[in-house]
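This report refers to the structure that appears directly beneath it.
The values are calculated or read from the model by the stated rules, or taken from the named source; none is laboratory data. For clarity, every value in this text was computed on a predicted model and none was experimentally measured. As a convention, Cβ positions derive from the backbone with ideal geometry for all residues, glycine included, and neighbour counts pool all protein chains shown.
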Amino acid sequence: MPRPRIGVTVSKRSGWRIFPLIWFNVRLAGGTAVRWQAGRDIDVASVDGVIIGGGDDIAPTLYGGEVKIGVRLDPDRDALEADVIRQAFKRDLPILGICRGSQMINVVSGGTLHQDAYGVYTSKKYRTILPRKRVTLEKGSLIEETTQVACVDVNALHTQAVDKLGDCLKVVGRDEGGMVQAIERDRDPFALGVQWHPEHLFYRKAQRRIFGALVAAARARQQERNQISYTHGQAISDSL
């Protein structure tokens with residue numbers, strides 16, 4: 001059976017350096033990654049899973065917030081990813097949201113964001129790709145079962161964070177200051193959002209398992225879709 005195809009959204013500005021890392025992690029997990037960005041043709045029906053990658057802040061107008069001066073936004077990407085997430089939910093495709101991607105899952109689900117999360121929480125601001133921040137995971141959650149650890153050391157490159165939680169989502173990870181670091185959907189399809197960048201931490205087994213869980217869910221979706229196509233084809237053949 002071919003490797004599950006994973007659509008990966010990245011920005012035009014930084015996709016050249018982010019996509020190869022995600023591609024590598026998806027490949028290690030047994031999948032193949034397809035690069036998506038604003039301005040390109042995108043076919044959600046052609047993939048078995050989706051990764052919403054990291055990048056610039058999400059426009060606060062999407063959740064009723066006020067635009068602040070000096071914040072770098074990407075409205076074309078916002079529109080693209082909102083549509084991709086809605087289509088993925090509709091098609092029962094598994095989704096992994098990375099940093100901005102986790103926030104976008106929350107916004108599309110009806111949630112809001114803290115634009116300056118470090119002004120709200122006492123969490124330390126490390127701003128590094130190294131795993132210096134400790135996150136405690138909710139016992140029995142998908143992320144805890146996936147990583148197989150109760151606490152995980154992560155990196156931190158964000159300024160925004162989840163405020164009001166979206167529909168059908170739950171908080172499953174917080175840092176030492178109480179800031180939301182992981183969310184997941186409480187119903188199918190598989191949807192997991194992490195505030196950190198696991199693609200930079202491929203040398204940590206717990207982080208590789210996150211991509212492994214997505215690809216496993218995508219493979220199950222691929223097999224289900226193939227079975228439906230086969231059954232439909234047999235029904236047509238039998239009717240002739």
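Computed quantities for the displayed model
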quantity	calculated
Candidate set from the stretch 1-25 (those that are within 17 Å of Gly101 (Cβ to Cβ) and touching a helix residue (DSSP H, G or I) at 6+ places or on another chain (Cβ under 6 Å)); member that is modelled with the lowest pLDDT	Ser11
When residues of the stretch 118-131 are limited to those that are among the hydroxyl-bearing types (Ser, Thr, Tyr) and either part of a loop (DSSP other than H, G, I, E, B) or touching a Cys at 6+ places or on another chain (Cβ under 8 Å) (or both), the one surrounded by the fewest Cβ atoms within 10 Å (Cβ to Cβ)	Thr122
Which numbered condition Thr159 fails, given (1) in a helix (DSSP H, G or I); (2) surrounded by 15 or more Cβ atoms within 10 Å (Cβ to Cβ)	(1)
Odd one out for Val172, checked against (1) part of a strand (DSSP E or B); (2) under 15 Å from Gly49 (Cβ atoms); (3) aliphatic (A, V, I, L, M)	(2)
Subset of the stretch 132-152 [buried (at least 21 other Cβ atoms within 10 Å of the Cβ) and over 18 Å from the mean Cα position of the chain (by Cα)]	Lys133
Residue count for the stretch 136-174, restricted to those that are farther than 20 Å from Lys205 by Cα and in contact (Cβ under 8 Å) with a residue 40 or more places away in the chain	13
Hits in the stretch 72-112 - residues which are surrounded by 15 or more Cβ atoms within 10 Å (Cβ to Cβ) and either at pLDDT below 95 or part of a strand (DSSP E or B) (or both)	Leu73, Asp74, Ile95, Leu96, Gly97, Ile98
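Residue-by-condition table, conditions (1) buried (at least 17 other Cβ atoms within 10 Å of the Cβ); (2) free of Cβ contacts under 8 Å to residues at least 24 places away in the same chain; (3) in contact with a Lys or Arg (Cβ under 8 Å, 6 or more places away or on another chain); (4) not in a strand (DSSP E or B):
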| residue | (1), (2), (3), (4) |
| --- | --- |
| Trp16 | no, yes, no, yes |
| Ala38 | yes, no, yes, yes |
| Asp41 | no, yes, no, yes |
| Ala45 | no, no, yes, yes |
| Gly55 | yes, no, yes, yes |
| Thr61 | no, yes, no, yes |
| Lys68 | no, no, no, yes |
